[in-house]
1. Exactly one of these conditions fails for Ala49: (1) within 19 Å of Pro35 (Cβ to Cβ); (2) at pLDDT 95 or above; (3) open to solvent by 90 Å² or more (accessible area, probe 1.4 Å). Give me its number.
2. Scan the range 1-44 for residues that are open to solvent by less than 80 Å² (accessible area, probe 1.4 Å), among the hydrophobic types (A, V, I, L, M, F, W, C), free of Cβ contacts under 8 Å to residues at least 40 places away in the same chain and more than 15 Å from Ser81 (Cβ to Cβ) and jot them down.
3. Check Arg6 against each of (1) at pLDDT below 95; (2) near the ligand (Cβ under 9 Å from one of its atoms); (3) of a type in the set (Lys, Arg) and name the one condition it does not meet.
4. Could you please let me know if Ala21 is near the ligand (Cβ under 10 Å from one of its atoms) and in contact with a Phe, Trp or Tyr (Cβ under 8 Å, 6 or more places away or on another chain)?
5. Identify, please: which residue in the range 52-79 is near the ligand (Cβ under 8 Å from one of its atoms) and polar (S, T, N, Q) and is, among those, most open to solvent (accessible area, probe 1.4 Å)?
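The values are calculated or read from the model by the stated rules, or taken from the named source; none is laboratory data. None of these values were measured; they are calculated from a predicted model. As a convention, Cβ positions derive from the backbone with ideal geometry for all residues, glycine included, and neighbour counts pool all protein chains shown. Please note that ligands, DNA and RNA were not included when accessible areas were found on the heavy atoms of the full protein model with its side chains. Shrake-Rupley method; radii C 1.70, N 1.55, O 1.52, S 1.80 Å.
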Amino acid sequence: MASIVRLPLPIDRHWDWQRWAACRGMDQSAFFHPPGERGAPLRAREERAKEICAGCPVREQCLEHSLSVEEDYGTWAGWASGSAAP
Ligand code: SF4
């Protein structure tokens with residue numbers, strides 16, 4: 001579980017990078033698996049998410065954020081939780 005005590009302060013410069021995220025405004029279900037998703041459907045969804053992340057201009061900030069708050073779920077910066085580091 002992500003630790004909310006590690007979240008950045010509610011100051012816009014800590015979150016501003018998200019304005020340029022390739023996933024901004026997208027359906028976030030591409031980045032988080034639904035309950036019970038396994039096997040080929042899981043891999044296909046993660047690959048779609050990773051393709052989006054590959055072209056994201058704030059991938060480095062996204063990865064830094066996800067590591068700092070210890071995100072346990074989702075695909076962040078092309079790194080799906082439970083997979084090897086990008
Ligand atoms: S790297 Fe991926 S998850 Fe992170 S902001 Fe960009 S598109 Fe979104």
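1. (3)
2. Those that are open to solvent by less than 80 Å² (accessible area, probe 1.4 Å), among the hydrophobic types (A, V, I, L, M, F, W, C), free of Cβ contacts under 8 Å to residues at least 40 places away in the same chain and more than 15 Å from Ser81 (Cβ to Cβ): Ile11, Trp15, Ala22, Cys23, Met26, Ala40, Ala44.
3. The failed condition is (2).
4. Working: near the ligand (Cβ under 10 Å from one of its atoms): yes; in contact with a Phe, Trp or Tyr (Cβ under 8 Å, 6 or more places away or on another chain): no.
Answer is no for this residue.
5. Gln61
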